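Peer 1: Below you'll find the structure I mean.
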Amino acid sequence: MKALVLGGDGFCGWPTVLRLANNGMEVCLVDNLSRRAIDNELGTASLTPIKSIQERVKVASKLFAPITFVRLDVAKDYAGLEKLIRDFGPDAIVQFAEQRAAPYSMIGDEQRRYTVDNNVTGTHNICSAIVNANRDIHLVHLGTMGVYGYTKAFGPIPEGYLDVTINSTGSDASILYPANPGSVYHMTKCLDQLLFQFYNKNWGLRVTDLHQGIVWGVDTVETKLDASLVNRFDYDGVYGTVLNRFISQAANGVPLTIYGTGGQTRAFININDTAECVKLAIENSDFEPDRVRIFNQVAETKRLSDLAEIISNQYGAEISYIENPRKELAENDLEVSNEGLVSLGFSPILLDETLVDDVHTIAAFCKGSFDRGAVLNSPKW
Ligand SMILES: NC(=O)c1ccc[n+]([C@@H]2O[C@H](COP(=O)([O-])OP(=O)(O)OC[C@H]3O[C@@H](n4cnc5c(N)ncnc54)[C@H](O)[C@@H]3O)[C@@H](O)[C@H]2O)c1
């Protein structure tokens, strides 16, 4: 099985590359290293000392199976992408290669345009290249729970499609869940969904869209095997995901920063499960592509104030409520189906003290790199 992993140098991509290679897949990792460049632009850095992509790939290739690295921009180098697909001949392509921070996409005009250009063009290039190469390649895309919005207007959140009855005809239909993005970044993921619907309808493109929850954790089974494989740990207000931010704040004696009331409920998944779910999606590529397959890649839902309480109780950290920089509902309930991946064998890792402590240990070990100035660097929108 050959897998082309686009965006394989990132927080989710790197552990997934290792998981696939560790399970006997031949992996080609593509990245334009833009995430590392954005760190320079923002004056931030991973809390963990991540190695160069060349060093990562060298060490991983010795431990698992040979991994090739290709530096390529999927949004800007269409010809290169199509050639790579023809030459490498993947069975599956995993699309992680997008600008993924909602706050970054809301900094200003330049970042809004960059996020739309990069994400939508990149994803469209991949669809188009698969069709042009005329191969039956399974495209696995990382979407986000944020495409649904966070209301219970249509009841518990199903997996991509909503069953409705049409008032005027009384007939039943299954429609793409109404998109309700909360940032330009989330909007690009909604646009990606329409690209997939069209490419699937017109060319029968085999697509799995994984609407992922907020990822937490740092290490995976594979990254722990060698210090050179360590995953990135974003803790700043732009790229840091909320639970990792809380844990790093607790480890550094900084109050846990809750935006608004903390009544927001969100879906979560551990980084080990990110890698596992993508592996499961690829291993189960043999489905009828009569429509885009959509799964919610989610382990559990948690209210942010409850999460902060858990971390605060575990480490005696203070909690600080600050004005919410984001335009979002102050409070919401959330109920999400994850039946699709569970039916493929996904057994979710749930939040527990030991796992939180693993992340805390890393954050404490990397204390010297913690920049207090990066904690509250989110733009307001
Ligand atoms: N991290 C999360 O909590 C989370 C939650 C839900 C969904 N996701 C999705 O998972 C995917 C990966 O997220 P992540 O946290 O690993 O992000 P990340 O920024 O750490 O990784 C993305 C990688 O893609 C690369 N990249 C971006 N644009 C590219 C391009 N045009 N060409 C080639 N490479 C490019 C970057 O250099 C980076 O290495 C994203 O699509 C994101 O939307 C992430």
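The values are calculated or read from the model by the stated rules, or taken from the named source; none is laboratory data. Here the structure is a predicted model, which is why all the values come from computation and not from measurement. Backbone-built Cβ (ideal geometry, glycine too); neighbour counts: all protein chains shown. Note: areas computed on protein heavy atoms with side chains; ligands, DNA, RNA excluded. Shrake-Rupley method; radii C 1.70, N 1.55, O 1.52, S 1.80 Å.
Peer 1: Does Arg372 satisfy being open to solvent by less than 70 Å² (accessible area, probe 1.4 Å) and basic (Lys, Arg)? Reasoning before the result, please.
Peer 2: Working: open to solvent by less than 70 Å² (accessible area, probe 1.4 Å): no; basic (Lys, Arg): yes.
So Arg372 fails the test.
Peer 1: Would you list the strands (runs of 3 or more DSSP E) that sit entirely within the range 121-196 and hold 1 or more residues that are surrounded by 17 or more Cβ atoms within 10 Å (Cβ to Cβ) and within 22 Å of the chain's Cα centre (by Cα)? Can you show your working first?
Peer 2: Numbers: elements: 138-144, 161-165, 172-176.
Per the criteria, 138-144, 172-176.
Peer 1: Then there is this: Suppose we keep only residues that are assigned to a loop (DSSP other than H, G, I, E, B) and more than 11 Å from the ligand (Cβ to nearest atom) within the range 221-232. Which one would you say is most open to solvent (accessible area, probe 1.4 Å)?
Peer 2: From the range 221-232, those assigned to a loop (DSSP other than H, G, I, E, B) are 221-222, 226, 230-232; that's our starting set.
Imposing the further condition that a residue be more than 11 Å from the ligand (Cβ to nearest atom) reduces the set to 221-222, 226, 230.
On the way: Val221: 92, Glu222: 5, Asp226: 55, Val230: 24 Å².
For the range 221-232, the residue satisfying everything is Val221.
Peer 1: Select from the range 25-38 the residues that are basic (Lys, Arg) and either in a strand (DSSP E or B) or within 6 Å of the ligand (Cβ to nearest atom) (or both) and list them in ascending order.
Peer 2: Going through the range 25-38, the residues basic (Lys, Arg) turn out to be 35-36.
Result: Arg35, single match.
Peer 1: Okay, moving on. What pairs come up if the first residue lies in the range 176-191 and is in contact (Cβ under 8 Å) with a residue 24 or more places away in the chain, the second is assigned to a strand (DSSP E or B), and their beta carbons are under 7 Å apart, counting only those six or more places apart or on different chains?
Peer 2: Pairs found: Tyr177/Tyr161; Tyr177/Leu162; His186/Thr144; Lys189/Gly143; Lys189/Thr144.
Peer 1: Still on this structure, I have one more. Taking the range 345-363 on its own, how many of its residues are open to solvent by 40 Å² or more (accessible area, probe 1.4 Å) and either free of Cβ contacts under 8 Å to residues at least 24 places away in the same chain or outside any loop (DSSP other than H, G, I, E, B) (or both)? It would help to see each step written out before you state the result.
Peer 2: Residues of the range 345-363 that are open to solvent by 40 Å² or more (accessible area, probe 1.4 Å), as a first pass: 345, 347-350, 352-355, 357-358, 361.
Still in the running and either free of Cβ contacts under 8 Å to residues at least 24 places away in the same chain or outside any loop (DSSP other than H, G, I, E, B) (or both): 347, 352-355, 357-358, 361.
Qualifying residue count, the range 345-363: 8.
Peer 1: Every residue in the range 7-24 that is part of a helix (DSSP H, G or I), out of contact with any Lys or Arg (no Cβ under 8 Å at 6 or more places or on another chain) and within 14 Å of Asn272 (Cα to Cα), please. First the steps, then the outcome.
Peer 2: As a first pass, look at the range 7-24 and keep what is part of a helix (DSSP H, G or I): 13-22.
Of the ones still in play, those that are also out of contact with any Lys or Arg (no Cβ under 8 Å at 6 or more places or on another chain) are 13, 15, 17-18, 21-22.
Once the filter is applied, which keeps residues that are part of a helix (DSSP H, G or I), out of contact with any Lys or Arg (no Cβ under 8 Å at 6 or more places or on another chain) and within 14 Å of Asn272 (Cα to Cα), the range 7-24 yields Gly13, Pro15, Val17, Leu18, Asn22.
Peer 1: Here is a follow-up. If a residue has to be within 11 Å of the ligand (Cβ to nearest atom) and either acidic (Asp, Glu) or crowded, with 21+ Cβ neighbours inside 10 Å (or both) to count, how many in the range 70-103 make the cut?
Peer 2: Here the count works out to 14.
Peer 1: Could you tell me whether any residue of the range 239-261 is in a loop (DSSP other than H, G, I, E, B), under 18 Å from the mean Cα position of the chain (by Cα) and surrounded by fewer than 22 Cβ atoms within 10 Å (Cβ to Cβ)? Walk me through how you get there before you give the answer.
Peer 2: Taking the range 239-261 as the starting set, the residues that turn out to be in a loop (DSSP other than H, G, I, E, B) are 239-241, 252-255, 260-261.
Within this subset, residues satisfying the condition of being under 18 Å from the mean Cα position of the chain (by Cα) are 239-241.
Those left that are additionally surrounded by fewer than 22 Cβ atoms within 10 Å (Cβ to Cβ): 241.
Within the range 239-261 (the criterion being in a loop (DSSP other than H, G, I, E, B), under 18 Å from the mean Cα position of the chain (by Cα) and surrounded by fewer than 22 Cβ atoms within 10 Å (Cβ to Cβ)), the answer is yes, since at least one residue qualifies.
Peer 1: A further question on this structure: In the range 324-344, what residues are outside any loop (DSSP other than H, G, I, E, B) and among the charged types (D, E, K, R)? Step through it out loud before you land on a result.
Peer 2: Start the filter on the range 324-344 by keeping residues that are outside any loop (DSSP other than H, G, I, E, B), which leaves 331, 336, 339-343.
Once the filter is applied, which keeps residues that are outside any loop (DSSP other than H, G, I, E, B) and among the charged types (D, E, K, R), the range 324-344 yields Glu331, Glu339.
Peer 1: Still on this structure, I have one more. Confirm whether Glu41 is in a helix (DSSP H, G or I), open to solvent by 10 Å² or more (accessible area, probe 1.4 Å) and away from the ligand (no atom under 13 Å from the Cβ). Give the derivation first.
Peer 2: Values: in a helix (DSSP H, G or I): yes; open to solvent by 10 Å² or more (accessible area, probe 1.4 Å): yes; away from the ligand (no atom under 13 Å from the Cβ): no.
The answer is no for Glu41.
Peer 1: Shifting gears a bit: Determine if the range 291-304 includes at least one residue that is part of a loop (DSSP other than H, G, I, E, B), at pLDDT 95 or above and surrounded by fewer than 14 Cβ atoms within 10 Å (Cβ to Cβ).
Peer 2: Filtering the range 291-304 for residues part of a loop (DSSP other than H, G, I, E, B) gives 291-292, 298-299.
Those still in the list that are at pLDDT 95 or above too: 291-292, 298-299.
If we keep only those that are surrounded by fewer than 14 Cβ atoms within 10 Å (Cβ to Cβ) as well, we get none.
No; the residues of the range 291-304 include none that is part of a loop (DSSP other than H, G, I, E, B), at pLDDT 95 or above and surrounded by fewer than 14 Cβ atoms within 10 Å (Cβ to Cβ).
Peer 1: Give just the number: which of (1) within 14 Å of the ligand (Cβ to nearest atom); (2) among the charged types (D, E, K, R); (3) surrounded by fewer than 23 Cβ atoms within 10 Å (Cβ to Cβ) does Lys58 not satisfy?
Peer 2: (1)
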